[in-house]
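Here is the structure we will look at, set down as structure tokens.
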Ligand SMILES: *Cc1c(COP(=O)(O)O)cnc(C)c1O
């Protein structure tokens, strides 16, 4: 059995969770313990010196969290993973593992809003500058990479227009300049895309979304390929003696594990944004059904997108699973088994029609999240961006008529029924029916 290369679906259910050796429990136990007893003083000393591996204290590692990390590393084809209390904590710690005051990042411009403020405001205040560059302008990205640049950051699927990052080209541009590529793979999940297979060095997820799958956990995870050469001289945090770890050099001591060990033993230790065991357990549960959910999400999303295209109340539909989408070919290449659940469309009648549409929906939930089994909707112009004028909205890349959907796992016909009633209401026609 050990020689067999198991498939994705099998690993989504089994990786990291053999039957519990102590009790025989088949499901992963929740190790709800803040700390772990040492076998002896000598063993404790070895653990603290990073000369042997084991659990010390729950901020740094926990057996249930480790099982989730092992499963994520297997699914993303990485060397290992470190879990965090949120997606933003995972990407903050990815940056802090390689960059400090005076360093620089390059980031694709069309990216999650929380990343723009984390990099562009908070990290800038800490002395780490970010240059935001259009994600498809590979020359500009190359030109933006400076001698002190430590990371190129981009997303697999951009929000909300469904642009697909060309991971192979991005990794080539970064690697020509000795810089690692970090991909936020939240919208694709490892089922639709494994960025490491296309040259990414680091992958981050908001596990809050499809990995959990049910809107019940805030969590994040960072996976590393183990292939990047961190000892080139560009990354002193990894290759120079560390004052935070008795002058240890991570690259010299740990080889291919240097990044992962520093991410946990220094960055997670000092930032403290660890994932709780109960939340890790919920994420392990979520991963077991990830393949079936992602297929069904993509199927429902494609059906809803096609249906919306046929409606007079709809101006445009931007789903990378539709042949009309500018990145359709890229989606076919990078996303296997579907184009995901999230896309935007334009409603005729602009901001006011958008407001009426949202108010008329019954089955779709109006909230700021994605990747739930339940179908979700948001109208940015009347919520997250409501303080902006129409001119300012255009500048922010948010059209007043834009509605974003995260298509769930319900019956397709019921989702379309609810959209149809609400579209009629948005254009001033009376709606029909109600949920029974
Ligand atoms: C939600 C999200 C994040 C942030 O994750 P949290 O778990 O909310 O911290 C980052 N990137 C993308 C693409 C997201 O959708």
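Look at (1) farther than 28 Å from residue 278 by Cα; (2) out of contact with any strand residue (DSSP E or B) (no Cβ under 9 Å at 6 or more places or on another chain); (3) surrounded by 19 or more Cβ atoms within 10 Å (Cβ to Cβ) and you find that residue 126 fails only one, number (3). Restricting to the range 216-232, and then to whatever is in contact with a helix residue (DSSP H, G or I) (Cβ under 7 Å, 6 or more places away or on another chain) and in a loop (DSSP other than H, G, I, E, B), can you tell me which residue is nearest to residue 91 (Cα to Cα)? Among residues in the range 216-232 that are in contact with a helix residue (DSSP H, G or I) (Cβ under 7 Å, 6 or more places away or on another chain) and in a loop (DSSP other than H, G, I, E, B), the one nearest to residue 91 (Cα to Cα) is 219. Listed by position, the helices (runs of 4 or more DSSP H) enclosed by the range 30-99 that each have at least 2 residues that are within 27 Å of the chain's Cα centre (by Cα) and either within 16 Å of the ligand (Cβ to nearest atom) or surrounded by fewer than 20 Cβ atoms within 10 Å (Cβ to Cβ) (or both) are 63-76, 87-98. Residues of the range 145-163 being crowded, with 18+ Cβ neighbours inside 10 Å and more than 20 Å from residue 199 (Cα to Cα), which ones? Passing the criteria: 159, 160, 161, 162. Need pairs with beta-carbon distance below 7 Å; first residue in contact (Cβ under 8 Å) with a residue 60 or more places away in the chain and within the range 213-225, second surrounded by fewer than 24 Cβ atoms within 10 Å (Cβ to Cβ) and assigned to a strand (DSSP E or B); sequence gap 6+ or separate chains. Listed by first residue and then by second, the contacts come to 224/80. Reported count of residues in the range 323-355, each being more than 15 Å from residue 311 (Cβ to Cβ) and in a helix (DSSP H, G or I), is 11. Of all residues in the range 241-253, those that are free of Cβ contacts under 8 Å to residues at least 40 places away in the same chain and surrounded by 15 or more Cβ atoms within 10 Å (Cβ to Cβ) total 4.
From the list 270, 279, exactly one residue is part of a helix (DSSP H, G or I), in the same structural domain as residue 67 (by TED's automatic domain parsing) and within 16 Å of the ligand (Cβ to nearest atom). Which is it? Only one candidate passes the filter, namely 279. Does residue 391 count as surrounded by fewer than 21 Cβ atoms within 10 Å (Cβ to Cβ) and either in contact with a helix residue (DSSP H, G or I) (Cβ under 9 Å, 6 or more places away or on another chain) or outside any loop (DSSP other than H, G, I, E, B) (or both)? Yes. Of the residues 223, 145, the single one that is within 16 Å of the ligand (Cβ to nearest atom) and touching a strand residue (DSSP E or B) at 6+ places or on another chain (Cβ under 9 Å) is 223.
Residue pairs whose Cβ atoms lie under 7 Å apart, sitting 6 or more positions apart in sequence or on different chains, and linking a residue in the range 78-92 that is in the same structural domain as residue 227 (by TED's automatic domain parsing) to a partner that is near the ligand (Cβ under 8 Å from one of its atoms) and modelled with pLDDT under 95, are 88/114; 91/115.
One residue alone among 308, 335 is buried (at least 21 other Cβ atoms within 10 Å of the Cβ), farther than 22 Å from residue 155 by Cβ and not assigned by TED's automatic domain parsing to the domain that holds residue 162, and that residue is 308.
Just for the range 1-12: of the residues that are modelled with pLDDT of 95 or more and either crowded, with 16+ Cβ neighbours inside 10 Å or in a loop (DSSP other than H, G, I, E, B) (or both), which one is farthest from the chain's Cα centre (by Cα)? This residue is 6. Give the range 100-122 a look and list any residue that's buried (at least 20 other Cβ atoms within 10 Å of the Cβ), away from the ligand (no atom under 11 Å from the Cβ) and in a helix (DSSP H, G or I), or say none. Across the range 100-122, the qualifying residue is only 119. So, in the range 180-208, of the ones that are buried (at least 24 other Cβ atoms within 10 Å of the Cβ) and without any contact (Cβ under 8 Å) to a residue 40 or more places away in the chain, which residue ends up farthest from the ligand (Cβ to nearest atom)? For the range 180-208, the residue satisfying everything is 201. Within the range 346-373, the set of residues being within 16 Å of the ligand (Cβ to nearest atom) and either touching a residue at least 24 places away in the same chain (Cβ under 8 Å) or more than 29 Å from the chain's Cα centre (by Cα) (or both) comprises 369, 370, 371, 372. Here 232, 161 are screened, and the one residue that is away from the ligand (no atom under 14 Å from the Cβ) and more than 20 Å from residue 8 (Cβ to Cβ) is 232.
The values are calculated or read from the model by the stated rules, or taken from the named source; none is laboratory data. Note that this is a predicted model, so its numbers are computed, not measured. Neighbour counts are summed over all protein chains in view; Cβ atoms, including those assigned to glycine, are modelled from backbone coordinates with ideal geometry.
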